[in-house]
Amino acid sequence: MRGWTKKSIIWDFILIFSLISINYMQIEPIQASTVNFTLVAKTSGSVYNVDLLHLVAQKLQPLGIDLQIIYQDWPNFIEELLSFHDYDLVYLDMAVSLNPDYSDIYSENGTSNLFGYDKEMDWNVELETGKNEWYLNQAQKIFPPNSNERIQHIWDWEQYLMDKLCPLLPIFVPKTYTANWKPLKGYNSTEDLIQSWGKMFWQSTTVHEGQNRRDEIVVSDYDYSELNPILLTNSTVNSKYINSFTLDPLLWIDSDRSIWPHLGTIKYLNNTHIQIDVRQGITWANDTDDLFYNERLDAEDIYFTFYLWKSVLHDTAFDWLEDMKITGNYTLEMFIDDNPATIENEPSIDYLTALSQYILPEHYLNQTQLIDGITPDITHTSWEKFSKYCFGTGLFEINTQLDHFETTLNRRTNSWWLDTTITKDPSLNWQVRFGDFNVGGTYKNLTKLKLIVTNDIIDEHTLFMKGQLDIIDVWKDYQDNYENNQYLEVQQSGISNILSIIGYNLRQNRGAIADRAPTPTDPGLSMGLAVRKAINYAIDREEMNKILNGNNYQIINHPTNPRMGIWLNPRIIKYDHDLQLAKEIMVNAGFTIDNFTPRLNGFSLLLSSLAVLALLPISSLIKKRQIKNK
């Protein structure tokens, strides 16, 4: 063992790890010479969409997949999606609902089923239908609609769809931001301004340049033309803030899509029969005519509001509402029927969202009726005045208005939001969600909201930089200016409400992308699913986001609206870029991949290590012989 010096041991270990590391060295070809198949990719809209597909094409070349990119104008693209289906991949932005029911998009007979899913793809003998179809159907039978059981079911469906069917790859969506002056504390941009109000205060005595009032928040607003939420149409403009500061909903939906009791609570008598218990002790703000003082919220107001939506406006969002019955001053019952064509009442999964509408003052808007003695007379002057000076049970009331210029709101001293005897109800989780308003302390002075009408983004930016606005939605052209300003704070307020995807055509006539034959190595994995998974892993969304968006977009992983909050499975499968895994999937499916070297598993690594260690005695003998020769 004389040859085993410290120096020789070091060189032996370098030799060992060098030999082992050789097994991990991968030489990535710039372009594969072997082409396994060609896929047709179509898109529409801007050049951006075409550029994105070209980046996808580059990532698919090492898999031996060529991409033929075709741009279509919007009418032809829509007809392609809904009728012709002559594509393998599509890239598009989908405006999707915040309702957890996605049957319209992902079920076999969904009118927007651009993926071409059918039940034969995943037929389950025991369920006697496709498993995906079962998930979607079962989700409509779980009550209450916002129960933990239903949330978990939606999570399971999302995971199943993305892992076992993989009809798409979610891409990324724009982030949204707000900016505010740093002395403003407690503002949470992910929540509405009204939900941050009870936590906010000005920390600095002088506030900031251009704003010296510690009792006020100033923001920009639209030049609104209608404040009655029930009369809003596509041609009318509503204020960004006035309704949410003056009116209250029956149920409140937080930014994470969780549903909370607010003006009332729901008791489930059965799946088609609910009881609304109206919160007592809540007063209405005074009307502009000073006709009513200290009016109390009651069951008549709830009935009146939903009667308008259902029977006067005939809004389809209330098709589920069969009938209502007032059973007490603070109670009313609702009868639900989602399918009037059947004899028995059918449960609905849509009614909770509908019950989040703002509640209107029956005592003011129902002063006269039509000849039937039931239908409110919407030509009464009270309706015209309410459209300009709305009032409700909320935290604020309108103080002054200068048309096309400015509106100020004052906090109501007798608002139930400040009444701890009401807000202490544990079902409201009030302090966590709305703050405690610290009525005797710092927050007491934050009592005014000023809304300044701005004409455009430049006008808004100018007012903000002069200090005449306290909070602003960030336009991307000004984001760097705000982030580099030491006096400002920029917060991400959320993400876009759009589902941006690469969608796959699962119809059997599409060849490799939809081949339902089992792979040679895994009978439970179809050839088409293997290809779709390989493509998902090959696409580098982080790189695309950097190149196309300067990293200003957020990568998404769910097949639903990115803002679904509690409905998004936190453990959803994520197709993060892994070219080696993509190649392995393709090879295991029987395709040829140029310059492919399989990744070593633990057992292979052990064998390689043992083989190298076996060289040590030989190395020792060589050293001994060299020494002897000397």
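FYI, it's all coordinate maths here, none of it is from the lab. From a predicted model like this one, the values you see are computed outputs, not experimental measurements. Backbone-built Cβ (ideal geometry, glycine too); neighbour counts: all protein chains shown.
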In the chain, what % of DSSP beta bridges are antiparallel (nearest 5)?
80
What spacing in nm lies between the two simple spin-label points modelled at VAL47 and HIS85, each 7 Å away from Cα in the Cβ direction?
3.5
Helix 615-629 against the longest principal axis of the chain: what's the angle in degrees, Cα atoms only, rounded to the nearest 10?
40
Pairs of Cα atoms under 8 Å, at least six residues apart: use those to get the relative contact order of segment 375-448, whole percent.
21
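For THR190 and THR342 in one chain, what is 0.36 nm times their gap in residues minus the Cα-Cα distance, to one decimal in nm?
Stretched out fully, the THR190 to THR342 stretch lengthens by 50.4 nm.
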List the residues whose amide H sits under 5 Å from the amide H of TRP252, counting only those 5 or more places along or on another chain, with H placed 1.01 Å from N in the peptide plane.
TRP260, HIS262
Label GLU126 and GLU483 with points 7 Å out from Cα along Cα→Cβ: what is the distance between them in nm?
5.1
Return the calculated 222 nm mean residue ellipticity for the chain, to the nearest 500 deg cm²/dmol, obtained by summing -39500 (n - 2.57) across DSSP H runs with n ≥ 4 and dividing by the residue count.
-8000 deg cm²/dmol
Expressed in µm² per second, the diffusion coefficient of segment 250-375 from the Stokes-Einstein equation, with Rh the Kirkwood radius over alpha carbon pairs, at 4 °C and 1.567 mPa s, is 83
Applied in sequence order to segment 359-374, the curve 6.51 cos²θ - 1.76 cosθ + 1.60 (Karplus, θ = phi - 60°) yields integer Hz couplings, x standing for Gly and Pro, of 8, 9, x, 4, 5, 9, 8, 10, 6, 9, 10, 6, 4, 6, x, 10
Given H placed 1.01 Å from N in the peptide plane, which residues other than close sequence neighbours of ASP377 have an amide H under 5 Å from its amide H?
THR368, GLN369, LEU370
Two-site FRET efficiency, LYS388 against ARG571, from Cβ-Cβ distance with R₀ of 45 Å, rounded to 0.05
0.35
Considering Cα pairs under 8 angstrom that are at least six residues apart, work out the relative contact order of the chain and quote it in whole percent.
23
Kindly state, to the nearest 0.05, the FRET efficiency for ASN429 paired with LEU269, given R0 = 25 Å and r defined as their beta-carbon distance.
0.50
Non-local residues with an amide H under 5 Å from the amide H of THR176, with H modelled 1.01 Å from N and Pro and chain starts lacking one, are SER493, GLY494, ILE495, SER496
Which peptide among 540-551, 242-253 comes first, and what is the full order, when sorted by highest mean count of other Cβ atoms within 10 Å?
242-253, 540-551
On a 0 to 90 degree scale, rounded to 10, what angle separates helix 148-160 from the longest Cα axis of the chain?
40
For ASN588 paired with ASP215, estimate the spin-label separation in nm (one decimal), with each label point 7 Å from Cα along the Cα-to-Cβ line.
6.9
Computed over the chain: longest principal axis from alpha-carbon atoms vs helix 527-538 long axis, angle to nearest 10 degrees, is 80
Note, segment 189-196: 3J(HN,Hα) by Karplus (6.51, -1.76, 1.60, θ = phi - 60°), whole Hz, Gly/Pro = x, goes 5, 6, 9, 5, 4, 5, 7, 8
Starting at 0 and stepping by 10 Å, how many percent of the alpha carbon pairs of the chain end up in each bin?
3, 13, 19, 20, 18, 13, 8, 4, 2, 1, 0, 0, 0
Determine, from the Cβ-Cβ distance of HIS54 and ASP459 and an R0 of 30 Å, the FRET efficiency 1/(1 + (r/R0)^6), rounded to the nearest 0.05.
0.20
Mind listing the phi-derived Karplus ³J(HN,Hα) values for segment 85-100, rounded to whole Hz, using 6.51, -1.76 and 1.60 with θ = phi - 60°, and x for any glycine or proline?
6, 8, 7, 9, 10, 9, 10, 7, 9, 10, 7, 10, 6, 8, 7, x
